[in-house]
2 protein chains.
Amino acid sequence: MDYYTPTKVVFGKDAELRTGEMLREQNATDVLIHYGSERVVKSGLMKKITDQLDKEGIRYTLLGGVQPNPRLALAKKGIEIVREKNIGFILAVGGGSVIDSAKCIGYGSVYDGDVWDFYTGKAKPAGAMKTGVILTLSATGSEMSDSSVITNDEGGLKRGVNSDYSRPAFALLNPELTYSVSPYQTSCGTVDIMMHTLERFFHSGSGLSLTDHLAIALIGEVMDSGKKALANPEDYDARANLMWASSLSHNGLMQAGNDQRGDWACHQLEHELSGIWDVAHGAGLAAIWATWARYVYKENPSRFAFLGEFLFGFAPSGNTENDALRTIAAMEEFFHSINMPINLRELGINPTDEELDLLAEKASFFSKRTLGAFKVLQKEDMRNIYEAAI
Amino acid sequence: MDYYTPTKVVFGKDAELRTGEMLREQNATDVLIHYGSERVVKSGLMKKITDQLDKEGIRYTLLGGVQPNPRLALAKKGIEIVREKNIGFILAVGGGSVIDSAKCIGYGSVYDGDVWDFYTGKAKPAGAMKTGVILTLSATGSEMSDSSVITNDEGGLKRGVNSDYSRPAFALLNPELTYSVSPYQTSCGTVDIMMHTLERFFHSGSGLSLTDHLAIALIGEVMDSGKKALANPEDYDARANLMWASSLSHNGLMQAGNDQRGDWACHQLEHELSGIWDVAHGAGLAAIWATWARYVYKENPSRFAFLGEFLFGFAPSGNTENDALRTIAAMEEFFHSINMPINLRELGINPTDEELDLLAEKASFFSKRTLGAFKVLQKEDMRNIYEAAI
């Protein structure tokens with residue numbers, strides 16, 4: 001397994017005040033500043049950033065409006081602007097959606113064809129315009145990851161592409177910028193971070209016990225910090241743990257030394273939910289995880305039991321299957337404790353039979369792929385899980 | 001605290017077979033292959049490497065002979081060769097000494113003055129020729145670190161320099177290449193890895209509990225794997241944990257989010273020991289640590305107690321000072337269990353009064369610097385620790 005995390009991270013209070021310095025290091029002269037809601041402008045954050053660019057003599061163009069589950073159409077608009085204005089660097093100010101959209105612009109800006117080709121697998125990225133990140137939401141880990149996930153409004157398809165070209169050149173991580181994140185988004189972020197590590201934990205090959213124990217230490221801290229951040233949104237230490245855990249969960253560290261990739265079925269199953277119903281990714285993951293876990297745990301119950309032993313301190317009972325089920329139930333309990341759903345109804349979705357068929361069709365790329373590694377899922381397994389998750 | 005780990009890591013069996021591919025990626029055409037003992041030639045490893053360079057049409061020059069505590073004189077010879085032959089990339093095949101020597105050559109090759117200037121602090125690096133690593137010893141973490149430590153035979157001065165320019169471009173980590181590491185060197189490496197994390201753990205500022213718990217998870221795995229590798233030198237999992245822990249202990253992860261640097265007094269105190277007596281770095285660290293710990297723990301006993309609680313599972317007794325002392329004793333017990341010394345006599349050194357004076361003089365840069373952060377040590381403190389460590 002290769003491990004490559006070239007992103008330069010500045011962590012701590014006032015990290016965003018090093019934007020100018022970082023852009024100068026990147027020799028950026030014309031920058032697209034990409035963001036989501038106007039809150040980053042109203043909060044004064046944008047001015048703090050543009051003041052630095054002005055000081056450095058760096059030209060910039062603003063492009064806001066990124067939505068959760070970022071849309072292809074807006075990214076394409078970004079690509080047009082980059083070409084028109086001869087822009088050479090993309091600065092993402094926001095959370096995972098903004099970063100993923102910026103990465104999409106980065107791919108498209110150096111590609112002659114349709115950028116969606118990379119997301120459908122029709123083409124492989126051979127380069128990308130560089131991006132930098134000022135993070136305002138701890139969740140997706142996109143600030144250090146090689147991943148970009150985009151939703152195409154035509155067909156509601158949500159697809160991802162992974163390549164080292166999209167790893168941001170820098171990421172400025174100031175936990176204080178996440179004080180204003182709502183309780184709901186804080187919970188969603190907590191789940192998302194946990195799931196990025198859990199997906200890797202449930203690989204099917206051999207790996208390092210070092211990586212396992214780092215993963216469990218991280219998940220434990222995320223659970224603890226998620227609760228603390230809900231109780232006190234301005235708890236710096238909790239926000240800092242969540243922010244750094246977000247980056248470490250998705251930068252490759254949590255799969256280092258594994259000889260196989262992780263499971264990732266829950267992520268793919270969730271993509272179809274949020275592609276159709278536009279639910280929050282973290283909430284969607286929480287709503288599907290336990291059902292997935294109970295569907296697959298018999299493949300290797302001791303893996304779930306091991307997680308329970310070191311994460312929750314459960315002494316082995318002698319019955320590994322029971323220990324596995326106890327771990328799954330404890331995880332559900334945790335999700336409930338941070339007001340996250342553990343099934344689709346709690347998520348606010350009650351799919352019809354036709355919708356279950358459609359979900360399984362889309363998740364299986366119309367029967368062209370399987371999902372998962374811990375247990376390989378066929379289209380009928382996917383439908384079973386969706387149905388059982390209601 | 002900035003976090004920057006650009007080194008591309010290939011981890012696992014046969015990792016060294018990707019040397020050609022990595023050098024091609026770096027556009028290397030003329031390479032200096034730097035190594036230590038002739039064992040890497042006799043074992044067939046060197047041929048595996050040069051075969052790939054031949055295949056890629058990459059020219060190379062061999063420079064072996066790096067000793068433990070690598071010498072400035074040999075690095076200077078390397079710099080001459082690089083200049084003469086117009087070499088553009090340095091490939092280190094070995095452990096920390098070889099890598100540190102390669103980094104020194106890297107600095108000197110792009111600098112007009114005396115490369116020792118960087119190690120004395122007379123000059124600051126403004127660049128370096130790139131290096132790549134094929135690792136054969138898990139210990140120093142130099143394969144991902146920004147650090148290079150060199151010994152100048154004139155005066156027996158051992159000095160280090162840190163800069164991001166020296167972080168290797170790639171590191172190929174095949175745990176099997178460490179099967180032949182001797183029991184003694186395995187133990188020294190185990191201590192060295194633990195100490196890189198412990199030095200950072202004993203910072204004086206504020207930090208992330210996430211980083212604390214990752215650190216303790218790592219130290220626990222290193223202790224466990226060190227014992228297993230001694231019992232069975234060809235235990236792949238144990239060797240793999242040690243190798244990856246070596247990189248993670250010194251690449252910055254174990255200090256991420258800390259607002260102050262770590263303590264590092266033990267490292268500096270040990271440098272003077274190995275500068276004079278040429279002892280193994282890891283053994284020297286083990287011989288000094290507990291004495292240092294008992295000298296400083298009252299500054300913040302709860303930090304030692306916290307380590308004991310999560311590393312050794314010691315329930316807090318209500319008396320934090322006792323808990324701290326219990327942690328220190330447990331660490332000594334561990335060092336003994338892997339046949340490491342816990343004082344200077346066990347290390348084979350019994351310094352005279354004059355030698356104690358000299359050690360303190362050198363460690364304090366002749367009274368020009370203090371050491372440590374957890375507790376700031378003056379020259380007399382350094383002498384006290386050396387003396388108490390006998």
> If you go through the stretch A:331-390 one residue at a time, how many are open to solvent by less than 20 Å² (accessible area, probe 1.4 Å) and among the hydrophobic types (A, V, I, L, M, F, W, C)?
Replying inline: 17
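Provide a single number: the residues in the stretch B:20-36 that are touching a Lys or Arg at 6+ places or on another chain (Cβ under 9 Å) and within 14 Å of another protein chain (Cβ to nearest Cβ). Working first, answer last.
Pass one, the stretch B:20-36, residues touching a Lys or Arg at 6+ places or on another chain (Cβ under 9 Å): B:20, B:22, B:25-26, B:28-32.
Pick out the ones that are also within 14 Å of another protein chain (Cβ to nearest Cβ) and you get B:22, B:25-26.
Residues meeting the conditions: 3.
Yes/no per residue for (1) within 14 Å of chain B (Cβ to nearest Cβ); (2) open to solvent by 10 Å² or more (accessible area, probe 1.4 Å); (3) in contact with a Lys or Arg (Cβ under 6 Å, 6 or more places away or on another chain):
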| site | (1), (2), (3) |
| --- | --- |
| A:Thr7 | yes, no, yes |
| A:Glu38 | no, yes, no |
| A:Lys48 | no, yes, no |
| A:Asp54 | no, yes, no |
| A:Gly65 | no, yes, no |
| A:Asn69 | no, yes, no |
| A:Ala75 | no, no, no |
| A:Phe89 | no, no, yes |
> Within the stretch A:3-39, can you find the residues that are under 27 Å from A:Tyr236 (Cβ atoms) and among the aromatic types (Phe, Trp, Tyr)?
Replying inline: A:Phe11, A:Tyr35
>> Return the pair list, or none, for Cβ contacts closer than 8 Å from residues in the stretch B:362-375 that are within 13 Å of B:Glu270 (Cβ to Cβ) to residues that are surrounded by fewer than 16 Cβ atoms within 10 Å (Cβ to Cβ), at least 6 apart or on different chains.
In response: none
> Tally time: how many residues in the stretch B:99-112 are touching a residue at least 60 places away in the same chain (Cβ under 8 Å) and either of a type in the set (Phe, Trp, Tyr) or open to solvent by 10 Å² or more (accessible area, probe 1.4 Å) (or both)?
Replying inline: 0
>> Can you tell me which residue is nearest to the other protein chains (Cβ to nearest Cβ) among those in the stretch A:212-257 that are under 17 Å from A:Gly141 (Cβ atoms) and outside any helix (DSSP H, G or I)?
In response: A:Ala256
>> Among the residues of the stretch A:164-176, what is the count of those that are surrounded by fewer than 24 Cβ atoms within 10 Å (Cβ to Cβ) and either in a helix (DSSP H, G or I) or of a type in the set (A, V, I, L, M) (or both)?
In response: 4
> Of everything in the stretch A:295-330 that's of a type in the set (Lys, Arg) and free of Cβ contacts under 8 Å to residues at least 60 places away in the same chain, which residue is surrounded by the most Cβ atoms within 10 Å (Cβ to Cβ)?
Replying inline: A:Arg326
>> Just to be sure before I move on: is A:Gly132 outside any loop (DSSP other than H, G, I, E, B), open to solvent by less than 20 Å² (accessible area, probe 1.4 Å) and within 25 Å of B:Glu25 (Cβ to Cβ) in the structure I sent?
In response: yes
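Yes/no matrix, rows are residues, columns are (1) of a type in the set (Lys, Arg); (2) under 15 Å from the mean Cα position of the chain (by Cα):
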position: B:Gly95; (1), (2): no, yes
position: B:Ile99; (1), (2): no, yes
position: B:Tyr107; (1), (2): no, no
position: B:Val115; (1), (2): no, no
position: B:Gly121; (1), (2): no, no
position: B:Pro125; (1), (2): no, no
position: B:Lys130; (1), (2): yes, no
position: B:Ile134; (1), (2): no, no
position: B:Ala139; (1), (2): no, yes
>> Suppose we keep only residues that are of a type in the set (S, T, N, Q) and assigned to a helix (DSSP H, G or I) within the stretch A:192-211. Which one would you say is surrounded by the fewest Cβ atoms within 10 Å (Cβ to Cβ)?
In response: A:Ser209
> Are any residues in the stretch B:225-239 among the charged types (D, E, K, R) and touching a residue at least 60 places away in the same chain (Cβ under 8 Å), and if so, which ones?
Replying inline: B:Lys227, B:Arg239
>> Consider the stretch B:156-192. How many of its residues are under 14 Å from the mean Cα position of the chain (by Cα), modelled with pLDDT of 95 or more and charged (D, E, K, R)?
In response: 2
> Yes or no: B:Asp153 out of contact with any Leu (no Cβ under 6 Å at 6 or more places or on another chain) and modelled with pLDDT under 95?
Replying inline: yes
>> Cβ-Cβ distance below 6 Å, separation of 6 or more or different chains: which pairs start in the stretch B:199-211 with a residue that is more than 14 Å from chain A (Cβ to nearest Cβ) and under 16 Å from B:His267 (Cβ atoms) and end on one that is open to solvent by less than 10 Å² (accessible area, probe 1.4 Å) and small (Gly, Ala, Ser)?
In response: B:Glu199/B:Gly262; B:Arg200/B:Gly262
> Which ones in the stretch A:212-224 are closer than 26 Å to A:Tyr184 by Cβ and without any contact (Cβ under 8 Å) to a residue 24 or more places away in the chain?
Replying inline: A:Asp224
> In this structure, does A:Leu173 turn out to be touching a residue at least 40 places away in the same chain (Cβ under 8 Å) and more than 16 Å from B:His213 (Cα to Cα)?
Replying inline: yes
> Restricting attention to the stretch B:33-57, which residues are in contact with a helix residue (DSSP H, G or I) (Cβ under 7 Å, 6 or more places away or on another chain), among the β-branched types (Val, Ile, Thr) and under 11 Å from B:Thr19 (Cα atoms)?
Replying inline: B:Ile49
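The values are calculated or read from the model by the stated rules, or taken from the named source; none is laboratory data. Values in this document were obtained by computation on a predicted structure and should not be read as measured data. We place every Cβ from the backbone using ideal geometry, glycine too, and count neighbours over all the protein chains shown. In case anyone asks, the SASA skips ligands and DNA or RNA and just uses the protein heavy atoms, side chains included. Shrake-Rupley method; radii C 1.70, N 1.55, O 1.52, S 1.80 Å.
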